[in-house]
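Notes follow once the structure below has been shown.
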Amino acid sequence: MLQKCIKCGKTYDVDEIIYTCECGGLLEIVYDYEEIKNRISKETLRKRQIGVWRYLEYLPVKDERKIVTLFEGGTPLYRCKNLEKELGVKELYVKNEGANPTGSFKDRGMTVGVTRANELGVEVVGCASTGNTSASLAAYSARSGKKCIVLLPEGKVALGKLAQAMFYGAKVIQINGNFDDALEMVKQLAREKLIYLLNSINPFRLEGQKTIGFEICDQLNWQVPDRVIVPVGNAGNISAIWKGFREFEATGIIDELPKMTGIQAEGAKPIVEAFKRKAKDITPYKNPETIATAIRIGNPVNAPKALEAIYSSGGYAEAVSDEEIVEAQKLLARKEGIFVEPASASSIAGLKKLLDEGIIDRDERIVCITTGHGLKDPDAAIRASEEPIKIECDIDVLKKILKED
Ligand SMILES: *Cc1c(COP(=O)(O)O)cnc(C)c1O
Ligand SMILES: [Zn+2]
């Protein structure tokens with residue numbers, strides 16, 4: 001188990017606290033896959049409770065007693081027959097990450113990231129966040145007795161997420177800037193070793209998140225979907241999920257791979273633009289803007305990993321408008337009973353758009369990832385809904401309303 005630069009190949013011990021290679025390249029955690037292959041089988045995995053830690057052999061932990069967990073992962077994979085009919089596709093699933101302990105997939109990354117912090121003996125952890133990372137880190141640091149500092153873009157964090165970060169007892173700091181500015185500031189604190197940084201530039205976070213890929217195979221009874229559609233912000237999650245599928249392939253659990261398809265918002269789509277130019281690097285946005293605050297990111301740090309995932313899987317990248325996002329959010333709630341936050345609905349909006357464009361085939365087996373719970377952003381949901389009907393306490397009026405539709 002080593003940290004390895006994806007650019008120059010240099011390796012580092014896992015106990016070395018660095019976030020990027022000396023050359024500036026991103027790091028990833030690599031394992032001895034032959035050894036893992038000899039240690040596990042589908043049957044041994046199935047004997048354990050489903051969730052991140054079912055896949056222990058694939059995770060960068062030396063001392064199991066140091067694990068910090070709130071029982072994350074094991075989220076439902078819903079078959080969505082009503083949406084299949086609505087959109088005209090053969091087989092559609094939603095992997096609902098809003099069902100995690102703090103309501104987003106970030107918990108999968110934090111259980112591993114904070115466990116690593118625990119193993120390293122770190123006392124102060126921190127992150128920049130559009131909301132969910134801070135909510136999750138605040139919870140896991142509380143559970144492990146660490147100090148937690150979070151930097152948020154003022155006025156741009158959904159209400160539920162802010163309430164969580166504050167209530168779990170983190171030191172919450174709002175900056176007069178956007179997420180990308182906040183990330184630069186916490187990176188500086190990390191360079192000076194004042195905090196252990198738990199943004200997705202930290203490769204250990206992605207190790208937890210790759211279990212989304214594992215669980216999808218597991219829940220499909222070891223079959224692999226043709227396509228996985230993922231909302232993309234800082235681009236860690238799509239990279240992580242791809243790594244999960246690749247590692248299951250490398251250890252003989254599966255023998256096919258899905259097409260990784262990333263969806264961004266129109267007002268924050270540097271990866272989509274790079275993809276359409278067939279480029280390997282992005283041109284950052286200075287002022288990203290979208291209702292989907294969780295993907296309101298102009299300079300995604302994991303862009304090189306995400307683009308590699310998209311290109312090498314034969315996937316795609318597309319952008320959707322705020323209107324398309326809200327429409328998809330409503331559709332998912334009203335057709336399937338699944339309430340997600342706006343960023344999450346971009347995967348559904350992207351599916352619809354790519355079907356219309358003929359990029360996605362109607363008989364593919366498709367999994368859309370919904371990344372966070374709808375209650376995270378009650379303001380967005382209320383704005384998109386009709387006003388409640390108000391009446392006096394009069395049963396006849398009520399009966400009249402019942403007959404309207
Ligand atoms: C963090 C987050 C994203 C973006 O994930 P990245 O790994 O930054 O691409 C999307 N949706 C929600 C709800 C999130 O919390
Ligand atoms: Zn390097």
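Kindly evaluate S347 against the criterion of being more than 20 Å from N178 (Cβ to Cβ) and either surrounded by fewer than 24 Cβ atoms within 10 Å (Cβ to Cβ) or among the hydrophobic types (A, V, I, L, M, F, W, C) (or both). It is false that S347 is more than 20 Å from N178 (Cβ to Cβ) and either surrounded by fewer than 24 Cβ atoms within 10 Å (Cβ to Cβ) or among the hydrophobic types (A, V, I, L, M, F, W, C) (or both).
From the set of residues in region 23-43 that are open to solvent by 40 Å² or more (accessible area, probe 1.4 Å) and closer than 19 Å to N302 by Cβ, which is farthest from ligand 2 (Cβ to nearest atom)? For region 23-43, the residue satisfying everything is E28. The residue of region 1-15 that is surrounded by the fewest Cβ atoms within 10 Å (Cβ to Cβ), among those that are hydrophobic (A, V, I, L, M, F, W, C) and more than 10 Å from ligand 2 (Cβ to nearest atom), is M1.
Of the strands (runs of 3 or more DSSP E) that lie entirely inside region 1-111, those containing 3 or more residues that are under 30 Å from E184 (Cα atoms) and of a type in the set (A, V, I, L, M) span 27-30. For the criterion of being at pLDDT 95 or above, farther than 21 Å from V114 by Cα and either within 18 Å of the chain's Cα centre (by Cα) or not in a loop (DSSP other than H, G, I, E, B) (or both), E249 passes. Apart from one condition, K305 fits all of (1) touching a strand residue (DSSP E or B) at 6+ places or on another chain (Cβ under 8 Å); (2) away from ligand 2 (no atom under 16 Å from the Cβ); the exception is (2). The one condition from (1) open to solvent by 10 Å² or more (accessible area, probe 1.4 Å); (2) touching a helix residue (DSSP H, G or I) at 6+ places or on another chain (Cβ under 7 Å); (3) within 30 Å of Q49 (Cα to Cα) that R205 does not meet is (1).
V61 meets the conditions (1) touching a residue at least 60 places away in the same chain (Cβ under 8 Å); (2) more than 16 Å from ligand 2 (Cβ to nearest atom); (3) open to solvent by less than 50 Å² (accessible area, probe 1.4 Å); (4) not small (G, A, S) in every case but one. The failed one is (1). Cβ-Cβ contacts under 7 Å between residues 6 or more apart (or on different chains), taken from a first residue in region 217-233 that is in contact (Cβ under 8 Å) with a residue 24 or more places away in the chain and of a type in the set (K, R) to a second residue that is within 16 Å of ligand 1 (Cβ to nearest atom) and open to solvent by less than 10 Å² (accessible area, probe 1.4 Å), are listed as R227/T261.
The values are calculated or read from the model by the stated rules, or taken from the named source; none is laboratory data. No experiment lies behind these values; they were computed from the predicted model shown. Using ideal geometry, Cβ is built from the backbone for each residue, glycine included, and neighbour counts are taken over all protein chains shown. Surface accessibility is based on the protein's heavy atoms, side chains included, excluding ligands, DNA and RNA. Shrake-Rupley method; radii C 1.70, N 1.55, O 1.52, S 1.80 Å.
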